[in-house]
1. Give me the residue from the range 239-276 that is part of a helix (DSSP H, G or I) and among the charged types (D, E, K, R) and, out of that set, surrounded by the most Cβ atoms within 10 Å (Cβ to Cβ).
2. If you go through the range 208-216 one residue at a time, do you hit one that is in a helix (DSSP H, G or I), in the same structural domain as Lys97 (by the TED database) and among the small types (Gly, Ala, Ser)?
3. Looking for something more than 18 Å from Leu202 (Cβ to Cβ) and outside any helix (DSSP H, G or I) - is there at least one such residue anywhere in the range 142-163?
4. For the range 1-34, give me each residue that is touching a strand residue (DSSP E or B) at 6+ places or on another chain (Cβ under 6 Å) and small (Gly, Ala, Ser).
5. Out of curiosity, is Thr491 of a type outside the set (Asp, Glu) and surrounded by 19 or more Cβ atoms within 10 Å (Cβ to Cβ)?
6. Could you count how many residues in the range 48-65 are more than 16 Å from ligand 1 (Cβ to nearest atom) and either within 12 Å of Cys252 (Cα to Cα) or among the acidic types (Asp, Glu) (or both)?
7. Go over the candidates Arg242, Arg283, Arg247 one by one and state the one that is among the charged types (D, E, K, R) and under 21 Å from Asn152 (Cβ atoms).
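The values are calculated or read from the model by the stated rules, or taken from the named source; none is laboratory data. Everything numeric here is computed off the predicted structure, so don't read it as measured data. Positions of Cβ are backbone-derived with ideal geometry, glycine not excepted, and every protein chain shown enters the neighbour counts.
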Amino acid sequence: MNEMQRYISQLNEAQQAPVLQKDGPMIVIAGAGSGKTRVLTVRIANLMSQGVDAFNILALTFTNKAAREMKKRIADIVGNNEAKNLWMGTFHSVFAKILRSEADKLGYPSNFTIYDTQDSVRLIGSIIKEMQLDKDIYKPKQILGRISSYKNSLITVKAYFNNPELQEADAMSKKPRMGEIYQQYVERCFKSGAMDFDDLLLKTNELLNRFPDVLAKYQDRFRYILVDEYQDTNHSQYLIVRALSDRFQNICVVGDDAQSIYAFRGANINNILNFQKDYENVRMYRLEQNYRSSKNIVEAANNVIDKNKTKLDKIVWTSNDDGPKIKVHRSLTDGEEGRFVAATIFEQKMQNQMLNGQFAILYRTNAQSRAMEDALRKRDIPYRIYGGLSFYQRKEIKDVLAYLRLVINPKDEEALVRVINYPARGIGDTTVEKLTVAANHYKRSIFEVMEHIDKIDLKLNSGTKTKIQDFVTMIKSFQVINENQDAFFLTEHVTKKTGLVQELKKDGTPEGIAKIENIEELLNGIKDFTEGQKEIDGARGALAEFLEDVALATDLDKDTGDDDRVALMTIHLAKGLEFPHVFIVGLEEDLFPSAMSLNTRSELEEERRLFYVALTRAEHQAYLTYAQSRYRWGKLVDSEPSRFIEEINDQYLEYLNPVDSGYRYKPVMDIDVFGDIDKSKLRLAKPTAGTPPKYLTQDQPSPTANIRRLKPVSSNSGNSNAVDANLTVGNIVMHERFGKGQIVNIEGVGADKKAEIRFDVGGLKKLLLRFAKLEVI
Ligand code: ATP
Ligand code: MG
């Protein structure tokens, strides 16, 4: 048996089928952990072993890291030399490359800049300012979101102005000048020789539509196309795949409708549902066996996703062990939640010799990482945060990069505006405004105006003119260096010559020093890159390529995996990954599911899919944690456990909370009527000395049994004073956190029954009875 056959024989029969079908359109629909990504990998290796040239294969993945890993596995099978020529990466990175080589056709320079979200928001901000519009109505981030959704639906500026409905919709939402902003934004990007992320897809579509010869060239080149995570492709991506695969129809997509979680960014689940209509003789494969997770996790996840109405029917089973039950933990605050997570990781590492890298902490929103970080730091547990403000988004790094971007593309307006007067060199805002106006007037870039400053009358004094000329000369001198030296040499020169490092040294604060260290870290990264480049083709490290890597790098991509850290990330980022132990934190109503998703069934279903994705990342042990109150938007708010916990059948869960740990929140002073409690006014009573917290085992009744929403608690459920339905107005009750109070009103029925209670200390509060844990006294 050769190597290839050995790999195929390790797959089950259902997995082998899509690997062995060489030609034609096919779709693999299967639940989490069933080997979709593995099938793609082996399929590519098998194509190559059957003589398909690596140059003719295109594989599109969700992250560049996934692409690299796939390539490595393929290299293990077919050898490094062969695997090297495969085209693999995210849509954005693959098509950025193609756009560079075809840029002239679209009127772009091949060294076009890729604007990141910050650049785009900043540009929109200045357009709004120039148009003298109200920033509170025209919010730059929101406007960018709108523009992004137009682009992803292939609605160009022209199409926008031809579409009265769209214009009306924008006018209705008090943004009648949306179209003008869109137009300005597009023109300004073009003039700056810049594309934003959505342009990388939009322009690719334009390229393939407008130039049949270009389309034919890439159709001929990519004879075999494979797409992972197909359920999350948007319309623009869908059209690209469609166009490229049209000639040979050798298209293999894999996905799971239950893991479609990017609708908010335009992902279109119909792409997966309609695949069979788009091609002829589509073969549909299903995989049913999950290899990733223990049985408890697989079955609990099935339980959850069953609640969704819109879904394809799928079976997922596993022959893995039952594994431990999913552990549920309740804490009083988000701080305590963090401490629980850190303590558990610490314990597990001690008891079971586990590595940090075997744990992941997943949350719904980036802001939740802070409490986790604090707790991990206190226990000296190394961690890495993915997403959020990435290294390359930091101000000092973006400043250096802006200079480098100008070296490559001096038209890059966002880069120019960023550093034209940083460090301060006497080119003030008024001057920049004049330059911008002139640039718009002449339909040129600001840099070009600056180059000809002595010939244009902008009413600038001669001192300012000289400063502008000095700046131009400096950038040009960098360009000369770039032609003769490698990227590392140039960057080091730039950081000195521009005075950037000097500026931070002057600052002298710990933050300033940290920033210098970050710049050093950037230099290390560039060194690495240039050395790597030299190894590959003996050439000097090309700056342009480095910048492209940076522009498209997601945090996941930078994970070299060589140091051992706990992974912290949003669930959105965790797609496709797996970890032995997974904590899903902040499982509270209004947080997860998000408050913004409760309006429609489809939004709620997307949240549920997100929970499904989270749970199915776990191989061995999943923890679900929630806090009864947490700081949100600067306020301490009360929360109820997420409905997703109770959607899991009890038999898969184990409740961890101490039966009687002695922990109680004692409100000491006033609590605001609506529950906005000032944390400084609360103190945590010490647990009773000498009584270690008791933990429930699975045979004991769960102390949180009365959070089960659909199963009203009966008064003999182990908590003899627990009441649910028998409360009446006037009852004096005791609440575990708010203390004593009197019921003044009761409303709603069944699971929605609420009591309005005036607490002696907490004031008036409305509580859902199924969560409130009241005792009548
Ligand atoms: P997701 O939907 O989360 O992206 P997936 O369907 O892509 O999951 P993979 O990541 O390919 O699943 O596989 C899940 C795990 O199961 C991986 O660790 C993979 O190596 C393993 N696996 C897949 N197929 C087999 C098999 N036939 N035998 C043993 N292990 C397998
Ligand atoms: Mg996968």
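1. Of all residues in the range 239-276, those part of a helix (DSSP H, G or I) come to 239-245, 257-259, 263-265, 270-273, 275-276.
So of that shortlist, the ones also among the charged types (D, E, K, R) come out as 242, 257, 265.
Working: Arg242: 15, Asp257: 19, Arg265: 14.
My answer is Asp257.
2. yes
3. Within the range 142-163 (the criterion being more than 18 Å from Leu202 (Cβ to Cβ) and outside any helix (DSSP H, G or I)), the answer is no, since none of the residues qualifies.
4. Hits for the range 1-34 are Ala14, Ala17, Ala30, Ser34.
5. Yes; evaluated as a whole, the condition is true for this residue.
6. Residues that pass the stated criteria total 3.
7. Arg242
Okay, residues lined up against (1) basic (Lys, Arg); (2) touching a residue at least 40 places away in the same chain (Cβ under 8 Å); (3) within 10 Å of ligand 1 (Cβ to nearest atom):
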site: Met4; (1), (2), (3): no, yes, no
site: Leu11; (1), (2), (3): no, no, yes
site: Ala14; (1), (2), (3): no, yes, yes
site: Pro18; (1), (2), (3): no, yes, no
site: Met26; (1), (2), (3): no, yes, no
site: Ala30; (1), (2), (3): no, yes, yes
site: Leu40; (1), (2), (3): no, yes, yes
